[in-house]
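Since the structure comes first, as structure tokens, the remarks are kept for the end.
The values are calculated or read from the model by the stated rules, or taken from the named source; none is laboratory data. Please read these numbers as outputs of a predicted model, since none were measured by experiment. Ideal geometry is used to build each Cβ from the backbone, glycine not excepted, and the neighbour counts take in all protein chains shown. When the accessible area is computed, the model is the full protein with side chains, heavy atoms only, and any ligands, DNA or RNA have been set aside. Shrake-Rupley method; radii C 1.70, N 1.55, O 1.52, S 1.80 Å.
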Amino acid sequence: MSFFAALDPLLVLQLLALGLCGGFLAGLLGIGGGMVLVPFLTVIIANQGVEAGLAVKMAIATGMATIVFTSLSSVRAHHRRGAVRWDIVRRLAPGIVLGAALASLGVFAALGGQALALVFAIFVAFSATQMWLDKKPSASRTLPGPTGQLAAGGGIGFVSGLVGAGGGFISVPFLVWCNVTMHQAVATSAALGFPIALANSAGYALAGQRVAGLPDASLGYIFLPALLVIALASVLGAPLGARAAHALPVKPLKRLFALVLYALAAFMLYQGLRAA
């Protein structure tokens, strides 16, 4: 299946809708789209004739790859407001790259799609609980030294690489706990999303080079037609979500979205247990 042959009209419509929704939610609630994209991408990719376990891995990889593009517009907006702590980004980025390499080239490649579906389900359920409770961690310490920040970046990059998420649900609480203001923590987390996505995507592309059963229109584990359409659509959807954030009550929306995340976690748990 060539790249253009894969872009049949129904698939394009599905991916456009998914990208618009993911971008809108990212702009509305300040979250990365990976947790929303992966369950739907799993179904879409499986419908292309890809084996179920492999479809999970491709969905995680493709969802992460879209963050490479969507994070750029988010970082640009935060940088204009002077909210990004680039000093923190520089210190966490090396650990993020190391953690991402360990996850995407090592553990992700070694684990089966069913195991990754279970890991994804647990992480999304945890993230949904965070969003439902909407509790802000108390600032109780300062940022650790170079070794501690290397380790923290490694943990963020590693977990993100296993579940295809941008890391905001880990990095924002960590930064706030370390006495970074919430505004700066969100902006800095958005900036960290780019090296997380770039490093993990490179790992997925390399790790999947010799995997059997991948469609021709893929780069390693990344399904290129989905990456192209979703990236374009999400960039259009994000500004709409950001505009809606100023007009709609965000806290009730967060709780509604938490319920959606619980449903997506249950779906991925079912996917993992069914094929186990």
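For this structure, a couple of remarks:
- Output for region 83-122, where each listed residue is out of contact with any Ser or Thr (no Cβ under 7 Å at 6 or more places or on another chain), modelled with pLDDT under 90 and either open to solvent by less than 10 Å² (accessible area, probe 1.4 Å) or under 17 Å from G193 (Cα atoms) (or both): A83, G113
- M182 falls short on exactly one of the conditions (1) touching a helix residue (DSSP H, G or I) at 6+ places or on another chain (Cβ under 9 Å); (2) open to solvent by 60 Å² or more (accessible area, probe 1.4 Å); (3) under 30 Å from A110 (Cβ atoms), and that condition is (3).
- Residue within region 139-148 that is touching a Leu at 6+ places or on another chain (Cβ under 9 Å) and surrounded by 18 or more Cβ atoms within 10 Å (Cβ to Cβ) present: yes
- Selected residue (only one of T129, T188 is among the polar types (S, T, N, Q) and either surrounded by fewer than 18 Cβ atoms within 10 Å (Cβ to Cβ) or free of Cβ contacts under 8 Å to residues at least 40 places away in the same chain (or both)): T129
- Of the listed requirements (1) aliphatic (A, V, I, L, M); (2) under 19 Å from A117 (Cα atoms); (3) more than 16 Å from the chain's Cα centre (by Cα), A83 misses just one: (2).
- Residue identified as under 15 Å from the mean Cα position of the chain (by Cα) and not in a helix (DSSP H, G or I) among A265, A165, A202: A165
- Residues being closer than 25 Å to V159 by Cβ and open to solvent by 70 Å² or more (accessible area, probe 1.4 Å) are represented in region 211-229 by at least one member.
- Pairing residues of region 104-126 that are over 21 Å from V50 (Cα atoms) with residues that are outside any helix (DSSP H, G or I), at Cβ distances under 9 Å and at least 6 apart in sequence or on separate chains, gives F123/A165; V124/A165.
- Among the residues of region 58-70, those identified as crowded, with 24+ Cβ neighbours inside 10 Å and over 16 Å from R274 (Cβ atoms) are M58, I60, A61, T62, G63, M64, A65, T66, I67, T70.
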